[in-house]
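For reference, the structure is listed below as structure tokens.
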Amino acid sequence: MNRISIMLAASASILVASCGQGDVLYADKAVVNLSPVEANPSAGYMNLHGGRTDVTLVGVTSDDVLRMEMHETVEKDGMASMNKLKSIPVPAGKTVKLEPGGKHLMIWGVGAGSQQRGLLKMTLIYSNDDRIEIDAVVKKAGEAAPAGE
Ligand SMILES: [Cu+2]
């Protein structure tokens, strides 16, 4: 009995060690690809990393845009279309990718200041009331992806 509980404790600590950042809710690799046409929305992508518990991303806001929505590209009968999402589940310890052809942000009216800085500050709002502020790299149309992408 004693021996079993010691073994369990040992394996639990190994699990924790191998998780790395797996128990922290955060987001990285955020990028905004500016639309080549001013009136059209730009697209935002990032990796959402889950924390200790399952949460959902319920909104993304920015002071320097006109409007921002969460979307998902779906393909039906060979035709791609987009659905607006009310939330995006972020399971504990999992990484959810917002990427071309999948879930993404649709952003109207990225401010001139953010375009010049090359960074757009946005706030991720989660169902557990966590708010995470991130800087997304703003890329002009046709600009190469940063190294390592
Ligand atoms: Cu969209």
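The values are calculated or read from the model by the stated rules, or taken from the named source; none is laboratory data. Just so it is clear, the structure is predicted and the values come from calculations on it, not from any experiment. As a convention, Cβ positions derive from the backbone with ideal geometry for all residues, glycine included, and neighbour counts pool all protein chains shown. Surface accessibility is based on the protein's heavy atoms, side chains included, excluding ligands, DNA and RNA. Shrake-Rupley method; radii C 1.70, N 1.55, O 1.52, S 1.80 Å.
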Kindly provide the set of residues from the range 99-116 that are of a type in the set (Val, Ile, Thr) and either without any contact (Cβ under 8 Å) to a residue 60 or more places away in the chain or more than 11 Å from the ligand (Cβ to nearest atom) (or both), ordered by number.
110
Residues that are more than 16 Å from the ligand (Cβ to nearest atom) and in contact with a Ser or Thr (Cβ under 6 Å, 6 or more places away or on another chain), drawn from the range 122-137:
123, 127, 131, 133
Restricting the range 21-35 to residues that are open to solvent by 40 Å² or more (accessible area, probe 1.4 Å) and away from the ligand (no atom under 16 Å from the Cβ), which is farthest from residue 93 (Cα to Cα)?
29
Which pairs do you get when a residue that is over 20 Å from residue 136 (Cα atoms), found in the range 86-98, comes within reach of a residue that is in a strand (DSSP E or B) and among the polar types (S, T, N, Q), reach meaning Cβ atoms under 6 angstrom, with the pair 6+ apart or on two chains?
89/56
Give the range 71-92 a look and list any residue that's away from the ligand (no atom under 14 Å from the Cβ) and of a type in the set (Ser, Thr, Tyr), or say none.
87
Output the residues belonging to the range 44-70 that are within 16 Å of the ligand (Cβ to nearest atom) and within 12 Å of the chain's Cα centre (by Cα).
44, 45, 46, 57, 59, 60, 70
Across the range 36-71, the tally of residues that are open to solvent by 20 Å² or more (accessible area, probe 1.4 Å) and not in a loop (DSSP other than H, G, I, E, B) stands at 9
Residues in the range 79-88: is at least one under 12 Å from the mean Cα position of the chain (by Cα), over 13 Å from residue 124 (Cα atoms), part of a strand (DSSP E or B) and hydroxyl-bearing (Ser, Thr, Tyr)?
no
